[in-house]
Every structure is written in C-alpha cells, then in structure tokens.
Amino acid sequence: MNLTTLAANAPKAELHLHIEGSFEPELMFDMAKRNNVKLPFASVEEIRAAYDFSNLQEFLDIYYQGMSVLLFEQDFYDLTWEYLERAAADNVIHTEIFFDPQGHTIRGVKFADVVGGISRALSDAKQKLGISSKLIMCFLRHLPEEDALATWDEAQEFLSLIDGVGLDSSEVGHPPSKFKKVFALAKDAGLHLVAHAGEEGPPDYVWQALDELQVQRIDHGNRALEDQKLVEKLAESDMCLTVCPLSNLKLCVVGDITEHPIRKMLQSGLLAMINSDDPSYFGGYVNANYTAVIEALNLSREEVETLLRNSFIGSFMSKSEKAVALAKLDQYLSQT
Ligand code: ADE
Ligand code: ZN
C-alpha cells in the first residue's frame, strides 16, 4: 500500500479546523437563498474563483464575508454537520474545532444559536459517526481585548459546551500579549488554551503565547524555526504544533509545497501534526493535506506514522481516551 493511502485510511485526529472555514460554496449559496442574504458572487464558480490569496488578510476578508450568511441555530448545525461527514470520510475519529463567535455576534446573531448549533452537530457526530470532539472558542485578535472580555462574559452560561479558548485572525500587529487578561480568566476557569502564532508573525509571538498566555498548543508555529532556542524549548516541553500545509501554500507562508517545513519540524524533535485549517478555502480536507506533503517531500513511512501518532498525542483527549486511540492506530499500522 502506498503511503498516501496508508495515511488516508488511518484513524486520525484533527486539531486545527475553523468551522467557518469549512463552509463549502454550495452550502453557502443555498443558505444565502434561504436566509435572504445577498452574496457579492453570482455563482458557486465565481466564489471559488475568488479564492486566490497572497496573504492571510486577503483570505480573512473573504472568510468574514462568507460567514455573513450564517444566521440561525440550524445554519450552524448544517455547517458543522457537513464538516463532520467529510471528516468521517477522511477517517478522523477525533476533532477539535475552532469557532469565531465575534464574527457572528457582531452581526446580531445570538451567541446561544452559534454554540447551540455547533455543539448539537458535535453531539450527533458522537452518536452517528463515532467522532469525539472538543470545541475551542477563538478570540479575534484584530479587535480590542475589551471585546474578547465581553465575549468571555457572554460565554459563561455555555462553558459546559466549550473546552478551550484560542486566538486567531490578523496576526501581525496583534501580539498574544494583548490578550493576557482574557487568557488568564480562561485558565482560571480550567479551559484549555491555544493560540495561532508564527503563521505570519515573528518567533517572539510564539514566545509570548507560551510565556504570557500559557498556551498548551501552538497553531501553525512555522516561524518558530527561525529561533533555535525556541525550537529547543518547544521540543523539550512536547509542545504540539498544529501544522496546516495547504493553508501555508494558499496563504503564501511557503512559496511552494516542496518547501514546506514539516520534515524539518519532525527532525528538530517538534511534536508537529497535520490539519486542514480552512479546508473549503484552501483546497482540501485533512487527507488532502497528508497527501500534499507525503508526495511533495517524499515522506518516509516512519515520518507519516509519527504525524498520525502526534495527532492523538497533541489532542486534549483524556489519558485513557488517548491510549485507546493510539492502540487503534497502532493496530491499523501493524496490519498495513
Ligand atoms: N482564521 C481562520 N483561519 C485562520 C488562519 N489560518 N490564521 C488566522 N486566523 C484564521
Ligand atoms: Zn487557523
């Protein structure tokens, strides 16, 4: 069996997925119609043609525009369910998904409908697809910390549905230190903490995420490789990096997929793993991301196995859940 098939059929976890970034143009169009929202595109083909980005901000502008058709609880359910069906087809057995409540509440959508629709789909996925999950609420870093604090307040009555907090949106100019207070509150409440850092921002932002926000995972982390001391710290502390190859390609974080640093990360002892980030915008779900790096870098079987194992090791599953998932993966690998 070739390595792309081996990876595709393997049980795996996805730990870096923005649910609003899984919004396929077909569903977006249908929803725009049923909700009477005008999209600035005449067809699904026109939407897809607009997905040509030269940096993170160009993508984000279209991403926020796309999410404007999401209004009701059922919309968030449908969006999440469609992702979960695709994840199941890629043999994802555990997923930790991000959502951006501020992208919705700012338009007058009820926080309860956002979190309600997403978590109802996650709960159905456990029953019907056998996928376990965690839900991570992200703060939009281009907005002031006061807005994040207000969102934190709004989230209080839904904390039983939320497992962690994260930090996303425009990175450069919005360092992690800006969100120290709200992350301290989330830590006190016992939530998991993650942050996007080192996607476009400098290694110093990764240091800040570790030292000032006390995160348990770094989302992306590509630019950490520019700082040897930082690489050593990340490796020694088994800090997971949730890496997104096709995202890096589409947002020009790498010039070509053959230049992707995933092998270098593994060789440096980093706990890196593979994710899709915003799959409907970047050209593929998690298996397409495995395929892209396996083919471009000619990854070895050992490297592919490490990436698959890291997907569970870096997750927020309990110790016993991790042991079960890793045993399932090992059994699959031993027979393949
Ligand atoms: N929001 C959705 N995708 C993102 C990414 N790749 N980086 C930062 N913010 C995001
Ligand atoms: Zn992301």
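List of remarks:
- Taking first residues from segment 73-96 that are at positive phi and partners that are open to solvent by 40 Å² or more (accessible area, probe 1.4 Å), the Cβ contacts under 9 Å between residues at least 6 apart in sequence or on separate chains come to N91/N9.
- Pairs, first modelled with pLDDT of 95 or more in segment 297-315, second charged (D, E, K, R) and in a helix (DSSP H, G or I), C-beta under 8 Å, six or more apart: L297/R263; L299/R263; E303/R263; F312/K322; I313/K322; S315/K322
- The set of residues from segment 288-313 being closer than 26 Å to L193 by Cα and either open to solvent by 10 Å² or more (accessible area, probe 1.4 Å) or aromatic (F, W, Y) (or both) comprises Y290, T306, R309, N310, F312, I313.
- For segment 222-236, the count of residues that are within 12 Å of ligand 1 (Cβ to nearest atom) and either modelled with pLDDT under 95 or touching a helix residue (DSSP H, G or I) at 6+ places or on another chain (Cβ under 9 Å) (or both) is nonzero.
- N275 vs. criteria open to solvent by 10 Å² or more (accessible area, probe 1.4 Å) and not β-branched (V, I, T): no
- Whichever residue in segment 85-118 is open to solvent by 20 Å² or more (accessible area, probe 1.4 Å) and of a type in the set (S, T, N, Q) and, among such residues, is nearest to the chain's Cα centre (by Cα): N91
- The listed residue being surrounded by 20 or more Cβ atoms within 10 Å (Cβ to Cβ) and part of a helix (DSSP H, G or I), out of A224, A195, A184: A224
- G190 vs. criteria surrounded by fewer than 21 Cβ atoms within 10 Å (Cβ to Cβ) and within 16 Å of ligand 2 (Cβ to nearest atom): no
The values are calculated or read from the model by the stated rules, or taken from the named source; none is laboratory data. Model, not experiment: these values are computed from the prediction. For neighbour counting, all protein chains shown are included, and Cβ atoms are generated from backbone atoms with ideal geometry for every residue, glycine included. These accessible areas exclude ligands, DNA and RNA; they are computed on the full protein's heavy atoms, side chains included. Shrake-Rupley method; radii C 1.70, N 1.55, O 1.52, S 1.80 Å.
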